[in-house]
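A.B. asks: Got a structure for you, written out below as structure tokens; questions coming shortly.
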Amino acid sequence: MGRRIKVLTVDDSVVVRRLVTDVLASDPAIEVVGTAPNGKIALDKIVQLQPDVVTLDIEMPVMDGLEAIKEIRKIDRKLPVIMFSTLTERGASATLEALSSGASDYVTKPANVGSVQESMDSVREQLIPKIKALVPGLAAAAAPVVAAPAAARPATPVTTRTRTGAVKSPRALVIGSSTGGPEALSSVLAKLPAGLGVPVLVTQHMPPVFTRLYAQRLDKSSALRVVEATDGEAVVAGTVYVAPGDFHMEVVRRGPSMAIKLNQGPAENFCRPAVDVMVRSAVAAYGGELLAVILTGMGSDGKLGCKAVAAAGGQVLAQDEATSVVWGMPGAVTREGIADEVLPLGSIADAIQRRLGSSARPAFGAAASPPGSAPRTTTSSTPSTTPSTTRTSSLPPARPPAFRPAAPAARPSQGRW
């Protein structure tokens, strides 16, 4: 066994520090080298202990997680930092702010669980895979050797698909992402024009509450209109539809137009929403007139969907390894040999516009903008409204006319470990 992954755990709760330490210590590939009760002490310990990963609480005295991540990035821009967040609107908002400030990923704290063991299981399932994904080289080196090691194998070369027929002009753009995706997706959408001419369907692995706030943040930073998708709403050009947390999102044909369909079917690739579900439905709706983009993320969600895109004659772009926080999802697509291009993050928006080409027109069977609304041409600080739809009560509520952050609330005493 090689060197273990060194982790520093930062949380003001003694109970949480002990729980996380016990969970991580149970994995032979991980070593907890230290703990800290606040961000200020954590900064000193990062310099002293040189951890490979830091887990960082958000709400702490002296120096909270938001301030701490900004200070950490001043001394180390690449150190993986995983935020611990509550599954609340306040926690989600703070987590998204931390991600935009340089955090690598996040996990949600268990709430309303029946036992300490259930809390430990929840942390183990979320945290350990993310730690290993963020430092894959050490994770592999620390794995127990159960047989004679094989000869070193050279890295798989990046190969792209060779086309034999004409490329179809896309009528829709689908994007999938996970770890590192919130900021990657934000940077791509910020470079796309309001007159994109096609609808954009997005699945980013996120829980409920997070996706609604994330869509609102994207809406403010993009020239495109961005909404959390609601069941039954029409799919129109120039709008970005973000799959809501805990719901698979599909696009389906409804007469002469397209519409959003949400469901809570079984998780795929351990995810709901899943990229594969969204992309498969888009192939069924648009055939090969589709452009799929897979950004940074752990796992392989999106690979099977992109195989269907390629088989139908559509186009596939993947983010390259150098600019990915985790080259799991785009790496799986690349190794499958179905990507038309493998690109650094900064080049993806230009490639999207180039490949859409003459698609700067209304999508099939849909107006260029929602009925009764003017085309969006500039970035707005206020999210635009969506047409009302009839939905079942089990589906996410429709997007409100405007987002007004709730007044800061006292730190909850319940739900905290």
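None of the figures in this text is laboratory data; all of them are computed from the coordinates on show. Model, not experiment: these values are computed from the prediction. Cβ coordinates were reconstructed from backbone atoms using ideal geometry, including for glycine residues, and neighbour counts include every protein chain displayed.
A.B. asks: Please find the FRET efficiency linking Gln48 to Val116, where r is the Cβ-Cβ separation and R0 is fixed at 25 Å, and quote it to the nearest 0.05.
C.D. replies: After rounding, the FRET efficiency stands at 0.25.
A.B. asks: Given the pairs Lys130/Lys191; Lys78/Lys220; Lys132/Lys261; Lys168/Lys191, which are separated by over 25 angstrom at their Cα positions?
C.D. replies: Values: Lys130/Lys191 29 Å; Lys78/Lys220 27 Å; Lys132/Lys261 34 Å; Lys168/Lys191 23 Å.
Going by Cα-Cα distance, Lys130/Lys191; Lys78/Lys220; Lys132/Lys261 fall outside the 25 Å limit.
A.B. asks: Treating the beta-carbon of each Lys and Arg as +1 and of each Asp and Glu as -1, no other charges, what is the dipole magnitude of region 75-120 about its Cα centre, to the nearest 20 debye?
C.D. replies: Numbers: 4 positive and 5 negative charges, 21 e Å.
Dipole size: approximately 100 debye.
A.B. asks: Taking the Cα atoms of region 10-101 alone, what are Rg (to one decimal) and Dmax (as a whole number) in Å?
C.D. replies: Considering region 10-101 through its Cα atoms, Rg and Dmax are 12.6, 35 Å.
A.B. asks: Same structure, new question: What are the ³J(HN,Hα) couplings of region 81-91, residue after residue, when phi is run through the Karplus curve with 6.51, -1.76, 1.60 and θ = phi - 60°? Round to Hz, x for glycine and proline.
C.D. replies: 10, 10, 7, 9, 9, 7, 8, 9, 4, 5, x
A.B. asks: Under unit Cβ charges (Lys, Arg +1; Asp, Glu -1), what dipole magnitude, rounded to 20 debye, does region 1-42 have relative to its Cα centre?
C.D. replies: 160 debye
A.B. asks: Now a separate question. Once you list every other residue whose beta carbon is under 13 Å from the beta carbon of Lys130, what net charge do they have if Lys and Arg are +1 and Asp and Glu are -1?
C.D. replies: Working: positive: Arg124, Lys132; negative: Asp27, Asp52, Asp105, Glu125.
My count for the surroundings of Lys130 gives -2.
A.B. asks: What FRET efficiency comes out for Glu71 versus Thr160 if R0 is 45 angstrom and r is the Cβ-Cβ distance? Round to the nearest 0.05.
C.D. replies: Working: r = 41 Å, r/R0 = 0.90.
E between Glu71 and Thr160, to the nearest 0.05, is 0.65.
A.B. asks: Just want to confirm a number: the relative contact order over region 236-328, from Cα pairs under 8 angstrom separated by 6+ residues, in percent. Write down the numbers at each step before the final one.
C.D. replies: Working: 157 pairs, mean separation 22.1, N = 93.
Normalised by residue count, the contact order of region 236-328 is 24 percent.
A.B. asks: Here is a further query. How are the C-alpha pair distances of region 175-243 spread across 10 Å bins, as whole percents from the shortest bin up?
C.D. replies: 22, 60, 18, 0
A.B. asks: Ok, one more. From the Cα trace of region 239-370, what convex hull volume per residue do you get, rounded to a whole Å³?
C.D. replies: That works out to 111 Å³ per residue.
A.B. asks: Further question on the same structure: Take every Cα-Cα pair in region 291-359 and report what % of them are more than 21 Å apart. Show your work: numbers first, answer last.
C.D. replies: Values: 390 of 2346 pairs.
Summing the P(r) tail past 21 Å for region 291-359 gives 17 percent.
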